[in-house]
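Written out below as structure tokens is the structure these notes cover.
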Amino acid sequence: MLYSGVLLLHSWLRWGVVVLGVLALVRALAGWAQGRDWTSGDRRLQRFFVSAFDTQMLLGMTLYFALSPVTPRSLDALRMSMSIAHLRFFGLEHPLLMLLALTAAHATSAMTRRDAPSRSKHRTWAVGLLLAMLFVALAIPWPGLSHGRPLLRGF
């Protein structure tokens with residue numbers, strides 16, 4: 001029961017992370033292109049995105065290390081599981097890509113807090129978000145893939 005609940009939250013929160021990431025990216029690209037000052041609204045959206053992503057990662061790590069029936073099997077027979085697409089994706093590729101995405105988001109978020117011109121902050125954040133969102137897009141188990149999942153899980 002706990003596994004199903006956390007999996008449901010993890011599945012739904014991903015769309016919050018994706019929507020906030022896309023909004024933040026659009027705002028960062030516009031700020032960079034227009035040479036707009038970095039505002040408290042930019043920082044607030046950045047904080048919401050990174051916080052949602054942190055929560056998503058916490059749920060994912062809870063699934064991975066404590067609740068998932070897949071992880072123990074894929075880790076017990078690591079060599080064999082690398083040849084099975086489903087086990088490789090959820091045992092290695094998904095968590096690694098999401099960790100890289102979160103690292104890009106955190107690193108560039110920290111870089112924007114330094115004293116720098118506003119245009120530079122927008123550029124730094126936009127590049128970091130592009131990288132993070134690319135990793136996120138690669139790590140989502142899209143329907144139609146061998147390891148695909150539904151876009152929205154039901155209750």
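When both residues are 6+ apart or on different chains and their Cβ atoms are under 9 Å apart, which pairs have a first residue that lies in segment 122-145 and is open to solvent by 40 Å² or more (accessible area, probe 1.4 Å), and a second that is modelled with pLDDT under 95 and small (Gly, Ala, Ser)? Correct list of pairs: 142/148; 145/85. Scanning segment 85-92 turns up no residue that is aromatic (Phe, Trp, Tyr), exposed (fewer than 13 other Cβ atoms within 10 Å of the Cβ), closer than 24 Å to residue 71 by Cα and modelled with pLDDT under 90. Of the residues examined, residue 80 is not one that is closer than 18 Å to residue 104 by Cβ and assigned to a helix (DSSP H, G or I). Checked across segment 39-48, the condition of being touching a residue at least 40 places away in the same chain (Cβ under 8 Å) and among the hydrophobic types (A, V, I, L, M, F, W, C) holds for no residue. Considering only residues that are aromatic (Phe, Trp, Tyr) and open to solvent by less than 50 Å² (accessible area, probe 1.4 Å), look in segment 1-53 and name the one that is nearest to residue 95 (Cα to Cα). Looking at residues that are aromatic (Phe, Trp, Tyr) and open to solvent by less than 50 Å² (accessible area, probe 1.4 Å), I get 53. Here residue 111 meets the list (1) open to solvent by 60 Å² or more (accessible area, probe 1.4 Å); (2) within 19 Å of residue 148 (Cα to Cα) almost entirely, failing just condition (2). Is it the case that segment 55-77 has a residue that's open to solvent by less than 30 Å² (accessible area, probe 1.4 Å), part of a helix (DSSP H, G or I) and within 22 Å of residue 26 (Cβ to Cβ)? Yes, segment 55-77 contains at least one residue that is open to solvent by less than 30 Å² (accessible area, probe 1.4 Å), part of a helix (DSSP H, G or I) and within 22 Å of residue 26 (Cβ to Cβ).
The values are calculated or read from the model by the stated rules, or taken from the named source; none is laboratory data. None of the values given here were measured: they were computed from a predicted structure. FYI the Cβ positions are ideal-geometry reconstructions off the backbone, even for glycines, and counts take in every protein chain you see. When the accessible area is computed, the model is the full protein with side chains, heavy atoms only, and any ligands, DNA or RNA have been set aside. Shrake-Rupley method; radii C 1.70, N 1.55, O 1.52, S 1.80 Å.
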